[in-house]
1. List residues of region 122-150, by number, whose backbone nitrogen lies under 12 Å from a label position 7 Å along Cα→C-beta of Gln27.
2. Starting from the 7 Å offset along Cα-to-Cβ, what nm value, one decimal, do you get for the label separation of Asp113 and Ser130?
3. For region 166-275, what percent of Cα pairs sit more than 24 Å apart?
4. Among all lysine pairs in the chain that are eight or more places apart or on different chains, how many have alpha carbons less than 19 angstrom apart?
5. Per 5 Å bin, what percent of the C-alpha pairs of region 1-136 does each bin hold, from zero upward?
6. Roughly how far apart, in whole Å, are the Cα centres of region 67-95 and region 234-258?
7. Determine the gain in length on full extension of the stretch Asp261-Arg11; use 0.36 nm per residue of separation and subtract their C-alpha separation, reporting nm with one decimal.
8. With Rg and the Kirkwood Rh both taken from Cα atoms, where does Rg over Rh land for region 259-325?
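Any read-out appearing in this document is the output of simple, stated calculations on the displayed coordinates, not a laboratory observation. What you see is a predicted model, and the numbers here were worked out from it, not measured in a lab. Note that we place each Cβ from the backbone using ideal geometry, even for glycine, and neighbour counts take in every protein chain shown.
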Amino acid sequence: MHAPQMPCAIRPHNDEDALRQAADILQAGGVVGVPTETVYGLAGRADLPEGVARIYQTKGRPQFNPLIAHVDSLERARALIVFSPMMVRLADAFWPGPLTLVGPKRDDAQVCDLVTAGLDTLAVRWPRSSAICALVKALDCPLAAPSANPSGTISPTTAQHVGEGFGDALALVLDGGTCPVGLESTILAVEGDEVTLLRPGGLDRAQIEAITGPLKAAGEGGAPRAPGMLKSHYAPSVAMRLNAQHPRPGEAYLAFGQSPDNFTGPMINLSPTQNLVEAASTLFASLKALDRHGLTISVAPIPFDGLGEAINDRLIRAAAPKEIL
Ligand code: TXA
Ligand code: MG
């Protein structure tokens, strides 16, 4: 099967006809760009191997990297993975929202093997996204959806980013405006009462630890890892220099807080008022915009508290040497 060769259509996410078109594409084993509160997703029916394969193909994603199954209710999540009491507490606190829970996959879960890339655990999320929830309901099936960017590039926070990334390899993006969170979901693996932070994301550590107690670090003492956490995942095409108090001549600068005096190069300020929520919501779009200048991007120091942990995680990955996949 070939992806349709027509320009990517961008249509309002709450338009009934657009939702119907999306459902038809998904039903036929195709993929659609959909907004969520974190980043845009590239969705396919989780139970259709050709739909999931089309996701991997469209993204150019290595096949060993498992996907998140998106649902529209706790009930549908419970049909996919076995919930421990700790997982129920987390779901009650943060769903729908920017939290992904990794738990033991049920034998009869409505997902094909390509979704888990062979693991016996499954990542599940109930997003705050009316479009995904409406599509899951209409199809009566979870949607597998990674971030809607070609593998190794920056995650998209607008429908236009998605359209630019895939061009005519994608038939439809539902446009829900700019993603309010702007960073991917926080991923937690739960084993009994032990909770491991696989990927920092849209939730504050403090909010989570109020429920779980201290989180384990991924890989610590045999704790699980997220296979997708490759060192250079979120990469612009240019070099990056982190913790730069001042930009050097010939660089582009990603500022935070006060902008430097006397700098005439390209510059974007993530948040002049040092608001980490604002910084997170504009991070990927800002990196993309600065990337276009072809100059090394130097980045101001960002504090590690609150969403700063996830922002720094993405920046360190963006700055890491590129991995050949
Ligand atoms: O905010 C988000 O989470 C977005 C939106 C679209 O929902 N999705 C997203 O998906 O960021 P993706 O595929 O880009 O990242 C999913 C991450 C990967 O790092 C993958 O390795 C990890 O989740 N993951 C998936 N299944 C897993 C499992 N069973 N065990 C451990 N990690 C898993
Ligand atoms: Mg991604």
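1. Answer for this model: 138-140.
2. Going from the Asp113 label point to the Ser130 one covers 4.0 nm.
3. Details: 3140 of 5995 pairs.
Summing the P(r) of region 166-275 above 24 Å gives 52 percent of all pairs.
4. Numbers: Lys59/Lys231; Lys59/Lys288; Lys59/Lys322; Lys231/Lys288; Lys231/Lys322; Lys288/Lys322.
Lysine pairs, 8 or more places apart or on different chains, close enough: 6.
5. P(r) over region 1-136, rounded to whole percents: 2, 10, 20, 22, 21, 14, 7, 2, 1, 0.
6. 39 Å
7. Numbers: separation 250, 0.36 × 250 = 90.00 nm, distance 4.19 nm.
Full extension of this stretch gives 85.8 nm more.
8. Values: Rg = 12.6 Å, Rh = 13.0 Å.
Across region 259-325, the Cα-based Rg/Rh ratio is 0.97.
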